[in-house]
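Colleague: Before I ask anything, here is the structure I am working with.
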Amino acid sequence: MINLIGVHKSFGPKDVLRGVDLSIPKGESMVIIGGSGTGKSVLLKSVLGLIAPDKGEITVEGLDVTRLRQGSSERDAFLAQFGMLFQGGALFDSLHVWENVAFRLLRGSLKRPKEEARAIAIEKLRRVGLTPDVADLFPAELSGGMQKRVGLARAIAAEPQIIFFDEPTTGLDPIMSGVINDLIREIVVEMGATAMTITHDMTSVRAIADKVAMLHGGKIRWTGPVADMDDSGDPYLTQFITGSAEGPIEAVR
Amino acid sequence: MRFLATIGAAILGMLAAIGRVALFAADTISHILRPPWYPREFVTQIMQIGYFSLPVVGLTTIFTGGALALQIYAGGARFSAEAVVPQIVAIGMVRELGPVLVGLMIAARVTSSIAAEIATMKVTEQIDALVTLSTNPMKYLTLPRVLAATLVMPVLVAVGDIIGIMGGYLVGVNRLGFNAATYLKNTLDFLEPLDIVSSLSKGAVFGFVAALMGCYFGMRSGRGAQGVGAATKGAVVAASVLILAANFILTELFFAA
Ligand SMILES: Nc1ncnc2c1ncn2[C@@H]1O[C@H](COP(=O)(O)OP(=O)(O)OP(=O)(O)O)[C@@H](O)[C@H]1O
Ligand SMILES: [Mg+2]
């Protein structure tokens, strides 16, 4: 269970989050939608403790995230239950693809023999639609969409209980998007993981989500089951889903 | 009044920066005692900082040693003291030029690459990714670099001292007509243990400063390519200035009567 109450965050004069309230029950898949620059990535990073909110409370399974001291072993243990796909991939460019995927399995508390870690990495790569021969390349040698999928493989490699995906299908072709959507769904259903996904792709939303939350104006504008999304009666949400230029959301922000 | 306020603000800013660097240094050192450690990173950095710097160290010191011999000979000739070339080259190289030259070359080669690498990692969210993978960037990135530089720099300085003296020797024997055996004997007889201890200690301090500045500026990098550029520039300037300042202080400590 992830709980956010009244979360605020500003960068200088810019108020990005202005009181976000949201809760994600264990084992559910929550999809966050919202305009570009509304603070969706900031929201995910706040839950991970990478960005400290100015105000408000964030708890994961009852544990207050903002209290965890940087570099403490509690924080390491806390983060060990997470997998995160960054919007830009954030692959380590000095390491081979397979070493990126197996990063957690090569050191620290989950360390295991190199051969085993490599085998797991190759299996995870296969699940995101990549062949074993990319394992020995460097991230810079891959296309943007391939890097994204390596990032995804890294996020799921250690079978985390909570998974955050920041735009998992952006930059992928429609077929690959379908594969990734299925994979995310599978992880939630089979592994019972809690997932929080940011996406702009409405097909993904429908394929992945149990629940949807729309971030607008620094707050959660609407949240509810994905089935209720189409007849929410909320003009903001409706405009966003239909992608219409006409509506309450201004095109220039 | 405006003028005074500006000076005051600059001084406060500088004090705050010194405080932040000191905290960063203390934090780095504290990780020596706290596992987990990343020995593979450490070994990689020993190679990167130490082994691959050897050519540049050799080239800078051999030319400087040679030039030093020529100058001392020319200067000494004015009061018939040409014979002191071996002794002064040895002292000059070991006490001052060896450590300072190698330190500045390391600031150019190692500080810049550490700062650019870490800043790029920061900008592309690789540092955030490390944290989410339960890996402390101070342990994984900073400590191996700072420790490797601190341990490997005395070796580089020793190599630089020897090659610098060799440069003086080559010029002395081939151009200035010194007897080879006498040149070496005079050099070895003249150097004291304190000269060598001071040289290697300076090396360790400079290595620490060079790597620490690279990591500090890299970790604090602003966003985008501009942020990386600014971090790299700041790191090299700070490392160079601090190395020269530390050199003065260490010379004062070791040799002031
Ligand atoms: N480290 C930071 N420093 C300053 N401003 C920041 C920082 N991180 C994010 N911002 C600002 O916060 C706002 C929200 O950024 P965020 O990345 O969360 O947007 P987003 O909703 O993920 O957008 P997109 O869909 O385009 O990825 C942006 O205006 C951005 O400029
Ligand atoms: Mg984003």
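Colleague: In the range A:51-59, is there at least one residue being buried (at least 19 other Cβ atoms within 10 Å of the Cβ), more than 15 Å from B:SER134 (Cβ to Cβ) and of a type outside the set (A, V, I, L, M)?
Modeller: So far as the range A:51-59 goes, yes, one or more of its residues are buried (at least 19 other Cβ atoms within 10 Å of the Cβ), more than 15 Å from B:SER134 (Cβ to Cβ) and of a type outside the set (A, V, I, L, M).
Colleague: Would you call A:GLY89 touching a residue at least 60 places away in the same chain (Cβ under 8 Å) and more than 10 Å from chain B (Cβ to nearest Cβ)? Spell out the reasoning first.
Modeller: Numbers: touching a residue at least 60 places away in the same chain (Cβ under 8 Å): yes; more than 10 Å from chain B (Cβ to nearest Cβ): no.
So A:GLY89 does not fit the description; no.
Colleague: Only one residue in A:SER29, A:SER73 is more than 16 Å from ligand 2 (Cβ to nearest atom) and under 17 Å from A:ILE220 (Cβ atoms), so which one is that? So that I can check it myself, show each step before the final result.
Modeller: Numbers: A:SER73 fails: under 17 Å from A:ILE220 (Cβ atoms).
Selected residue: A:SER29, the only one of A:SER29, A:SER73 that is more than 16 Å from ligand 2 (Cβ to nearest atom) and under 17 Å from A:ILE220 (Cβ atoms).
Colleague: Find all pairs meeting these conditions: Cβ atoms under 6 angstrom apart; at least six residues apart or on different chains; first residue within the range A:156-171 and more than 16 Å from ligand 1 (Cβ to nearest atom); second residue in a loop (DSSP other than H, G, I, E, B).
Modeller: Here the result reads A:PRO160/A:GLN81; A:GLN161/A:GLN81; A:GLN161/A:ALA193; A:ILE162/A:GLN81; A:ILE163/A:ALA193, each pair linking the range A:156-171 to a residue that is in a loop (DSSP other than H, G, I, E, B).
Colleague: Right, something else. Would you pick out the residues in the range A:123-149 that are assigned to a loop (DSSP other than H, G, I, E, B) and buried (at least 19 other Cβ atoms within 10 Å of the Cβ)? Before you say what the answer is, go through the steps one by one.
Modeller: First pass over the range A:123-149, keeping only residues assigned to a loop (DSSP other than H, G, I, E, B): A:128-131, A:137-138, A:142-143.
A:VAL128, A:LEU130, listed by residue number.
Colleague: Give the range A:173-208 a look and list any residue that's more than 16 Å from ligand 2 (Cβ to nearest atom), crowded, with 23+ Cβ neighbours inside 10 Å and farther than 25 Å from B:VAL131 by Cβ, or say none.
Modeller: Matches in the range A:173-208: A:ILE208 only.
Colleague: Identify, from the list A:GLU123, A:GLU116, the residue that is under 23 Å from A:ILE162 (Cα atoms), away from chain B (no Cβ under 11 Å) and free of Cβ contacts under 8 Å to residues at least 40 places away in the same chain.
Modeller: When all the criteria are applied, what remains is A:GLU123.
Colleague: Pick from the range B:41-91 the residues that are part of a helix (DSSP H, G or I) and of a type in the set (D, E, K, R): which of them is nearest to B:LEU191 (Cα to Cα)?
Modeller: Within the range B:41-91, the match that is nearest to B:LEU191 (Cα to Cα) is B:GLU82.
Colleague: Only one of A:MET202, A:MET191 is more than 19 Å from A:GLY144 (Cβ to Cβ) and within 16 Å of ligand 1 (Cβ to nearest atom). Can you tell me which?
Modeller: Values: A:MET191 fails: within 16 Å of ligand 1 (Cβ to nearest atom).
From the options A:MET202, A:MET191, the qualifying one is A:MET202.
Colleague: Still on this structure, please answer the following. I'd like to check which helices (runs of 4 or more DSSP H) are fully inside the range B:96-183 and have at least 3 residues that are without any contact (Cβ under 8 Å) to a residue 60 or more places away in the chain.
Modeller: It comes to B:126-132, B:143-174.
Every read-out reported here was derived from the displayed coordinates using simple, explicitly stated rules and does not represent laboratory data. Because the structure is predicted, anything quoted here is derived from the model rather than measured. Every residue, glycine among them, receives a Cβ derived from its backbone with ideal geometry; neighbour counts consider all protein chains shown.
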